[in-house]
Amino acid sequence: MTALTTLTRLCPPPNSPVSIRWDVVEAELGMPLPQDYKQLAERYGPGTFCDYIHLFHPHGVTKFVQLTGPMPSRIRAHLRKDRHQGTHPVPCEPDLLFACGSTDNGEYLFWATDPAAAPDRWHIAVNEARGPRWFTYDGTLTAFLVSVLSRHHQVPQFPPSLLETPPEFTPRPTLWKPGPVSDEQPVDTGAIRSWARANGYDVPPRGRIPQEIREAWERANQP
């Protein structure tokens, strides 16, 4: 039984798979992608697991959740800064880490892209939003989701309440080539909360993010 089959039994996907031009996506990224991720992205489409784990997707509705958007490179830049300044440890060279998801609490999920030419051998790393801890998983992204949702592994950064209810996937709207993102469109709230706390803002752990904090995030993260 494949990890994807197990995942679909644990957490049923939407009815209709998504069609994705992987040749276009990989050309835009300039790197190959793991086969398990391609199957996962096609079967589930953009969305959230357990209202907490958001996977970056080629069809993400905003630039903040697009696999080909600016977030992976921005996050990598922060990791380089952390390593240079000694702020937080990084489990491997920052240039080897490619963000493939985020959480409501501001953690990021990464592929450790080594070896670069063998994406099916990449493993998963999860950082701590406001601390030094990292969790690593020696397996694919799909296998990682199965392990977490089946309670086989407990990621220390994830809340104990994550699985108080049965695992559920919530689909999000999809776009192939989104237009400009307006201030009223949804964004990666976990990323905003993490940035705000790191920059001295008092931001609530859940609920609406104050407009002044959202505007400050936008100004600080202009491409």
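The values are calculated or read from the model by the stated rules, or taken from the named source; none is laboratory data. Values in this document were obtained by computation on a predicted structure and should not be read as measured data. Heads up, the Cβs are rebuilt from the backbone with ideal geometry, glycines too, and the neighbour counts pull from every protein chain shown. Only protein heavy atoms, including side chains, enter the accessible area calculation; ligands, DNA and RNA are left aside. Shrake-Rupley method; radii C 1.70, N 1.55, O 1.52, S 1.80 Å.
Tabulated data
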item	result
Criterion: under 24 Å from residue 194 (Cβ atoms), of a type outside the set (S, T, N, Q), surrounded by fewer than 22 Cβ atoms within 10 Å (Cβ to Cβ) and in contact (Cβ under 8 Å) with a residue 12 or more places away in the chain - qualifying residue of 43, 83, 76	76
Subset tally (residues that are within 22 Å of residue 88 (Cβ to Cβ), of a type outside the set (Gly, Ala, Ser) and in a loop (DSSP other than H, G, I, E, B)) for the range 125-146	5
Count - residues of the range 110-156 that are of a type in the set (D, E, K, R) and either open to solvent by less than 20 Å² (accessible area, probe 1.4 Å) or more than 21 Å from residue 33 (Cα to Cα) (or both)	4
Only listed residue being at pLDDT below 65 and either closer than 26 Å to residue 126 by Cβ or not polar (S, T, N, Q) (or both), chosen from 190, 200, 207	207
Qualifying residue in the range 23-34 (condition: open to solvent by 20 Å² or more (accessible area, probe 1.4 Å) and in contact with a Leu (Cβ under 8 Å, 6 or more places away or on another chain))	yes
